[in-house]
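Please treat every number below as a calculation from the coordinates, not as lab data. Because the structure is predicted, anything quoted here is derived from the model rather than measured. Don't worry about glycine lacking a Cβ; one is built from the backbone with ideal geometry, like all the others, and counts go over all protein chains shown.
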C-alpha cells in the first residue's frame with residue numbers, strides 16, 4: 001500500500017480507543033487521557049470504546065466501533081491479546097483505514113502469539129487496513145497535535161521524526177526530549193512491525209514539511225534490500241541517522257528473544273547503511289548529538305571549522321577532536337586575522353583556534369564571532385566557553401544565539417561545566433543552538449554534517465552489467481546438485497570463473513602420477529599440484545597443495561604422497577586425482593574476494609588483502625550487492641592496508657581496475673544465481689597496474705533448496 005495512507009496515523013479526523021478504561025492505572029485510560037490532554041479533542045473526534053461505560057473523561061463511550069454513528073479514521077487497540085482479532089475485524093467492517101495495536105502477547109510471546117499475529121495481519125489485508133504494532137508504545141504527532149500512546153508526557157514540538165522498534169526505549173527517548181533540546185515532529189513505536197515498518201515511515205517522512213531529520217532505532221530490518229532502495233532516495237532529501245542494536249553475538253541473541261526477530265550481521269548493516277546514505281550512530285548519545293545539529297542548524301558546506309574560545313586547553317582539545325573526525329581548522333584570510341588582532345588584546349590568538357583569553361566578556365566574544373563568521377574560508381563555528389571569573393555566561397550565550405539566528409553557517413556551542421553555565425545552556429536551547437558538554441561530541445556532530453554533505457554530493461551510482469555465459473554456470477550448479485552435493489570446489493568452479501569472465505591459470509585434471517607428469521610438461525614447469533576431491537574443500541589441511549614442482553620426479557612423488565595423505569586422513573573421500581596448475585609468478589599482491597548471503601540484506605561481498613591481512617588483522621571491507629562501480633573502487637581505499645595497493649618500498653602499484661572488475665563480476669554472479677550462499681576466491685592474484693588479475697582458487701556453497 002502507498003505510504004500516503006499513513007496520514008490516518010498522524011492526522012486522523014477521528015480516533016477510537018478500543019479498550020478505553022475508567023480506571024486511571026490501566027493503559028486504555030492513559031491512551032485516552034493523552035489524546036484529551038494533548039489537545040487532540042480540539043482537532044478531531046475521540047470515541048472511547050468500552051461496553052461497560054457510558055462516559056469516560058467527559059466523552060461519550062460506545063460499546064463497539066459499529067455503534068459510533070460517524071466515520072472513524074484511526075483505531076487504537078488496548079485490549080487483551082486474544083480479543084484483538086475480533087476487534088480488528090469490527091474495525092474492518094466499519095471501514096477504519098488504520099489501527100495501532102498497543103497490546104502485547106503476539107510474535108514476541110511464542111508460537112501461540114505468532115498465530116495471533118498472523119491472524120491480525122490476514123484481517124488487515126482482507127479489509128485493506130494499515131497496522132502499527134502489535135506490542136507498541138503508540139504514535140505521537142506534535143503538529144496535529146495527537147498523542148495516541150501511553151507515554152507519560154508529550155514531547156516538545158520540533159523538527160525530528162523518531163522511529164523506535166522498542167517501546168520501552170521509546171519512553172526513555174520521550175522523557176529525554178522533555179528535559180532537553182530534542183523537539184519531535186513525530187514519534188512512532190513500531191514493535192513487531194506486522195505491517196508498517198521503517199520503510200513506510202521513511203517514504204512518508206521524506207515529504208513531511210515538519211520533519212528536517214529522521215532518527216531510527218532498529219533491532220532488525222526484515223526487507224534489507226527494499227530498505228536500502230528507499231533510504232538511498234530519502235537521504236538525498238533529508239538526513240537519516242540510525243542506531244542498530246544487536247550488533248554483538250550476545251546482542252543478537254537478545255534481539256531474538258526480545259522481538260522474535262533474526263538479527264543480520266554487523267558487517268551487513270554497516271555496509272547497507274553506508275550504501276544507503278544512512279549515518280550510523282553507535283550510541284543514543286551520538287544519535288541525539290547528531291540530531292541536534294541536523295535539526296536546528298543550517299547545512300555544513302565544507303570541512304573548514306573555526307574554533308572561538310576563552311580557554312587555550314579546551315581549544316586544543318577541540319582542534320584535536322576535529323582532526324580526529326577528519327575535519328580541519330579553517331585557514332583564516334589575512335584580513336580576518338588582521339581584524340581579529342586589532343579587536344583582541346595583544347596576548348590573544350588571532351589565528352584559528354581564536355583564543356579571546358580568559359577575561360573575555362561577551363562583547364569580545366561577539367566581536368570575534370562576527371569576524372570569524374564573515375571569513376569565506378569558515379564553513380562552521382565551534383564556540384568553546386569555560387566559566388572563568390570574568391565570563392558573562394548569559395550574555396555570551398546570547399551573542400552565540402544571535403550569530404546563529406542571523407547567519408547561514410552552522411554554529412555549535414560547547415559551554416563546559418555545570419552549575420555556573422546552566423543559564424547559558426538554557427538560553428542556547430531556546431535559541432536552537434546545540435550545546436555539547438565536551439568538544440569531542442561537538443566535533444562528531446560536525447563530522448555527521450560533513451558526512452551528510454558527502455552523501456548528497458555522491459554521483460548517481462553506475463551499475464555494470466556483464467554478459468555472462470549463464471547456461472555454463474547453470475550446468476555446473478545443476479551437475480553438483482544432481483550428485484546430492486552443495487559444495488563446488490576448485491576443479492568445478494573453474495567453469496564458473498571462465499563463464500563470468502575472470503582469468504584463471506592453465507589447469508588440467510590428472511587421474512594418476514604419470515598423467516600428472518605429462519600434463520606438467522605440457523603446461524610448463526614449475527607447476528602447482530592440488531588434490532581433486534568433492535569432499536576436500538580445505539586442501540591444505542590434508543597436505544593437498546604443493547607449489548613450485550620443477551620436474552617429472554617431483555610431480556610423481558608429490559602426487560603419490562598427496563593421494564596417500566588424503567586417503568589416510570579422509571578414507572571416505574572421493575579422490576578424482578590431482579589438478580595440475582600453471583604456477584603464476586610476477587604478481588604484485590594476493591587478495592581475497594568472498595561473499596556470504598545475509599538473511600536481511602542478501603549477498604554481502606567481502607574484499608581484503610590476502611595472507612595475514614585477512615586471517616590475523618581481519619582487514620576487510622564489505623558491500624551489499626548490487627553495488628556500483630564507485631562502491632567497488634571505494635572498497636579498495638577503505639582497507640587499513642590500502643597503501644599496499646599503491647605500491648610501497650619499490651613495489652609496483654597493483655592493478656586496482658582489475659580488482660574492482662572482479663568485485664563487480666562476483667556481485668553480479670551472486671545476484672543472478674541466488675542459490676549461491678557462500679563464495680571465496682582465495683587468492684585472486686593481482687599483477688602490476690595494467691597486468692590484470694588471475695583467480696587461483698574458488699569455492700562455492702549452494703543452498704539446500706532444490
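Quick notes on this structure:
- The length gained on full extension between residue 574 and residue 430, counted as 0.36 nm times the residue separation minus their Cα-Cα distance, comes to 44.3 nm.
- Centre separation in Å (Cα based) which lies between the stretch 308-374 and the stretch 543-567: 71
- Shape summary: the stretch 297-457 maps onto an equivalent ellipsoid whose semi-axes, from the alpha-carbon gyration tensor, are 21, 18, 14 Å in decreasing order.
- All-pairs Cα distance distribution in the stretch 596-706, expressed in whole percent, bin size 10 Å: 14, 46, 32, 8, 1, 0
- Between residue 83 and residue 487, the FRET efficiency from the beta-carbon distance, with R0 = 60 Å, is close to 0.70.
- Cα shape, the stretch 289-363, gyration tensor, a/c 1.5 rule: prolate
- One quarter of the convex hull surface built on the alpha carbon atoms of the stretch 506-583 amounts to 4.2 nm², the projected area averaged over directions.
- Compared with the direct C-alpha span, the chain from residue 552 to residue 454 gains 29.4 nm at full extension, assuming 0.36 nm per residue.
- Cα pair distances in the stretch 590-660, grouped into 10 Å bins until the bin that holds the longest one, percent each: 19, 52, 25, 4, 0
- Share antiparallel - DSSP beta bridges, the chain, percent rounded to 5: 50
- Folded to 0 to 90 degrees: helix 266-276 orientation relative to the chain principal axis, Cα: 70
- By other beta-carbon atoms within 10 Å, ranking 323, 498 with the fewest at the front produces 323, 498.
- Shown is the FRET efficiency for residue 438 and residue 237, computed with R0 = 30 Å from the Cβ-Cβ distance and rounded to the nearest 0.05: 0.40.
- Label zone (residue 338, point 7 Å along Cα-to-C-beta; backbone nitrogen cut-off 18 Å) within the stretch 372-396: 372-377.
- All-pairs Cα distance distribution in the stretch 3-293, expressed in whole percent, bin size 10 Å: 7, 30, 36, 21, 5, 0
- The stretch 44-160 - Debye-derived log10 I(q)/I(0), Cα point model, q = 0.13, 0.15, 0.17 Å⁻¹: -0.54, -0.72, -0.91
- Extension reserve of the residue 633-residue 467 stretch, reckoned as 0.36 nm per residue once the Cα distance is removed: 57.7 nm
- Take the Cβ atoms of residue 406 and residue 67, set R0 to 41 Å, and the FRET efficiency comes out at 0.10.
- Coordinate range of the alpha-carbon atoms in the stretch 434-529 per principal axis, descending: 78, 33, 29 Å.
- Put in order of Cβ neighbour count within 10 Å, fewest first, the listed residues 366, 112 become 112, 366.
- A simple spin-label model places the labels of residue 651 and residue 359 5.9 nm from each other, with each point 7 Å out along Cα-to-Cβ.
- Taking 7 Å steps out from each Cα toward its Cβ at residue 347 and residue 282 produces label points 3.9 nm apart.
- When 171, 540, 222 are sorted by how many other C-beta atoms sit within 10 angstrom of their C-beta, beginning with the fewest, the order is 540, 222, 171.
- Debye intensity ratio I(q)/I(0), log10, the chain, q values 0.05, 0.07, 0.08 Å⁻¹ (C-alpha model): -0.35, -0.65, -0.80
- On Cα atoms only, tilt of 362-374 relative to the major axis of the chain in degrees: 50
- Centre-to-centre, using Cα atoms only, the stretch 481-522 and the stretch 655-706 are separated by 16 Å.
- Diagonalising the gyration tensor over the Cα atoms of the stretch 1-89 and scaling each eigenvalue by 5 before taking the square root yields semi-axes of 20, 16, 13 Å, largest first.
- Rg to Rh quotient for the stretch 96-192, alpha carbon positions, Kirkwood Rh: 1.03
- Helix axis angle, 27-37 relative to the chain longest principal axis, alpha carbon, degrees: 60
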